[in-house]
Each structure stands twice: as C-alpha cells, then as structure tokens.
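Can you read through this structure? Questions will come right after.
What follows draws every value from the coordinates through simple rules; no lab data is involved. What you are looking at is a predicted structure, and each value in this text was computed from that prediction instead of being measured. Counting neighbours? That spans all protein chains shown, and the Cβs are built from the backbone with ideal geometry, glycine included.
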C-alpha cells in the first residue's frame, strides 16, 4: 500500500519501510527520505533535529530521540517482541506519520487569530 | 472672503533627532518594525510615543472665520515584502508582497492617525487660535506587525521562517488650511521616508536580528506651498479614501493571511537568496 501524504507519496525508500522489516530507518541512515522524516517531526510534533543532521539528511541521535518521543506519545509498540517503544522508523511509525501528515496537509495554512491581528500605522 | 495667511512669518519646527527605525521580535510569533520613541510592545499598536513631531505657528490677517487649520498627510508604500524559508531547501519558501493589487489597490493614500475625517491626519482640535496666530502640532510613529513564520501549503504545511522584511514608505506632511467652501490651501510641508530593511536568522527556534539596513530620512524640510511630487497631486486636489491605516492594515491581513495569490506565493523549493546559515 503506497504512502498517501504529499510529503511521503512516491518515495520508494520510505514505502519500502511499509513492507520490509529490513528497511527500517536507524541511526546513521542518510538520504532525502531521512530529510522527510525530519520535516514530519517538525510538522507533527514541532521538533527540530540537530542542524548538522538536518543539512546532511542524517538520522542522528537527535532524530532518534525525536522518533522515540513521537512513538512514545502515540504508544507505537510492536507487542510481538517489545514492551516499550524504540527509536527506529519501521512499518507502524511510517504509517502513523503518513496518516497524520495527510491531516496536517489538508489543514488551511493560516488560522487567523484576531488577538494577534497584524497591524500597521 | 477667506482669511489671509501671513506665511512669510511662518514658524515651522520639525523635531526628528530621536527617530530611529527599530525592530522587535515578540515571543509569540510576530515581527514588529517601528519608528517610535518609547516603543511599548505590550500595548502595540496603541500608546506608542511619536517618533517625530512638528509644531507650526503662523499669524493671520484677520479672524479665521470658518477656515480650519491642521495637518494633511499623504503616504506612499514603495515596497512591502516579507520573505520566508524552510529550514532546508526542500521545505520551500514564501514571498509576501502587500503593497500591490489586489491586496492594496493604490499605494498612495491619505493618511490618518486615528478615526479622523479626510483630509486631516489628526483632529483639527490640536490647532488653536491665539489672535493673531494659529498654533498647531503633529506627531507620528509608523509601524507594522507581521507573523514571523508561515505554513507553506506547497511543502506539506511545514513552517517557513522569516529571513527578510522590507517596508519602505514615503510621507508628505502638509500644514493646510481648509476654507469654508472646502478649498484646501497648502501652507508648508516636509517630506520624509522610513525604510525598514531587516534580515533575520534563527537559532534554537527563535528569530534573531541578523542585520538592519533601515533608515529614516527627511528629504524636504519646512518647504512652503504645495508638494510638487507628481504621484500625490491627484490626492492633494481631491483627497479621498480609503485612509492609509485602514487600507494598509487590510492589505497586510489579506496578503499574509488570505488565500494564496498575487500577494503571497508559496514555493516547494527555497529562494536562492536565503543565507546558508539562516537556520541554526
């Protein structure tokens, strides 16, 4: 089943995570697909990873910590072999991110807040 | 017959020595540029100290009768653009232009400091007549406020962060008499400009001022008669609304918060002008 969010749709490296356990994203992974995980973490959880890792599109310790926090908040645990979340992006995690990104992408980009109305003089 | 204005004895004092264009980045996601003395972030846009003030005295050749004296101000928005970028190129970019149609149909407008009837900038009650002299005063503190980050719908609604703001405006401030038949007599004026040109960088998720090329300048000081700038002649002849504050406030709201269009473009890739260390 392909990923449906605009962020992830058509990304072969990420879609492989849906069907192959061996394709999990783990520490040290590099590539544009890692950069998309960085973007998803910012959009969904407002978490920014280390600047160097952001620029080099690397799944570093700050990415792993953000992923762990993401999974902990949502209780993403593979009960077949674990009792607590881990810090890798596997099938369940990428599917959850994809579902939430679809919702975020359908939201209007601006929510007008009268209390913070821009003003000019 | 309209009262005679003895403009050869006009005294016109403009006080502008403390006027410096500033920028304030508030913690709840806005950038405020301001030309004030006594900037108050908590009460913005109200209760700000005037950045520049003027006082005028001119004797009359008789009783003013029904002639009203006060300041008229014409403002022109030369450029109002804000530019945003994602943390990395693939998170896109946004350009907002608020000084062009459809957000702002006409960049040259009659200006007013509050709900004052056109053509006046401030209520004529600021003017007094102590025979034989008319006394009047004026003050202004131009500013604007915009969001420091916007979501980019072409990049999965990820936030893009402001890296540059340019707000350039000219003003012609004219001490004016309006006779009972509505005829305007432009007695003396000064022409001034404020340009906010600021660049930002982001560290630990907060905007910091990277560089400012802002300036304030008085181009013409205490000049008698009607301003000669061609762009404002039709408004001087026939001053009509909308008033600048209302029109420009609406333009900023529409450009930044309205639907995408000519005033706000969102891009899936970054501008080439984004500094490499913009995000850190």
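What percent does the relative contact order of chain B come to when contacts are Cα pairs within less than 8 Å and at least six residues apart?
On the way: 678 pairs, mean separation 68.4, N = 280.
Relative contact order here is 24 percent.
Run the Debye formula on the Cα coordinates of the range A:12-104, all scatterers equal and no solvent, and tell me log10 I(q)/I(0) at q = 0.11, 0.25 1/Å.
-0.26, -1.48
Now for a different question. Would you mind giving the mean number of other chain beta-carbons within 10 Å of the Cβ of each residue in B:147-158, as a whole number? Write out the running numbers ahead of the final one.
Values: counts 4, 0, 0, 2, 7, 1, 7, 2, 6, 13, 12, 10.
So the per-residue partner count for this stretch is 5.
Based solely on its DSSP helices, what 222 nm [θ] is calculated for chain B when runs of n ≥ 4 H residues each add -39,500 (n - 2.57) and the sum is averaged over all residues, nearest 500 deg cm²/dmol? Before the final figure, lay out the partial values.
On the way: 2 runs with 19 residues, N = 280.
When only DSSP H runs of four or more count, the value is -2000 deg cm²/dmol.
OK, next. Cut-off 10 angstrom, C-alpha nodes, Gaussian network model of chain B. Which of B:233, B:193, B:164 fluctuates the most?
Judging by the Gaussian network model, the answer is B:233.
Return the ratio Rg/(2.2 N^0.38 Å) for the protein assembly as shown, where Rg is computed over Cα atoms only. Write out the running numbers ahead of the final one.
Numbers: Rg = 27.8 Å, N = 401, 2.2 N^0.38 = 21.5 Å.
Rounded to two decimals, the normalised Rg is 1.30.
Could you pull out which residues in the range B:161-185 have an amide N less than 19 Å from a spot 7 Å beyond the Cα of residue B:114, following the Cα-Cβ vector?
Once the point is set 7 Å along Cα→Cβ of residue B:114, nothing inside the range B:161-185 turns out to lie under 19 Å by backbone N.
Return B:140, B:63, A:86 ranked ascending by Cβ neighbour count within 10 Å, so the fewest neighbours appear first. Don't jump to the answer; show the numbers that get you there.
Values: B:140 26, B:63 11, A:86 18.
The most exposed by this proxy come first: B:63, A:86, B:140.
Among the DSSP beta bridges whose two residues both lie in the range B:158-208, what percent are antiparallel, rounded to the nearest 5?
Percent antiparallel among DSSP bridges in the range B:158-208 is about 100.
If each residue's Cβ is checked for other Cβ atoms within 10 Å, how do B:161, A:59, B:129 rank with the fewest at the top? Walk me through the intermediate numbers first.
Details: B:161 22, A:59 25, B:129 14.
Ordered by Cβ neighbours within 10 Å, fewest first: B:129, B:161, A:59.
Also, I was wondering about something else. Would you mind checking the range B:61-83 for residues with the amide N under 20 Å from a putative spin-label position 7 Å along Cα→C-beta of residue B:213?
Output list for this probe position: B:77-83.
Please compute the length gained on full extension between residue B:6 and residue B:233, using 0.36 nm multiplied by the number of residues separating them and subtracting their Cα-Cα distance. Don't jump to the answer; show the numbers that get you there.
Numbers: separation 227, 0.36 × 227 = 81.72 nm, distance 2.43 nm.
The span from residue B:6 to residue B:233 would gain 79.3 nm if fully extended.
What's the whole-number percent of alpha carbon pairs in the range B:7-267 lying beyond 36 angstrom? Before the final figure, lay out the partial values.
Numbers: 7011 of 33930 pairs.
Beyond 36 Å sits 21 percent of the P(r) for the range B:7-267.
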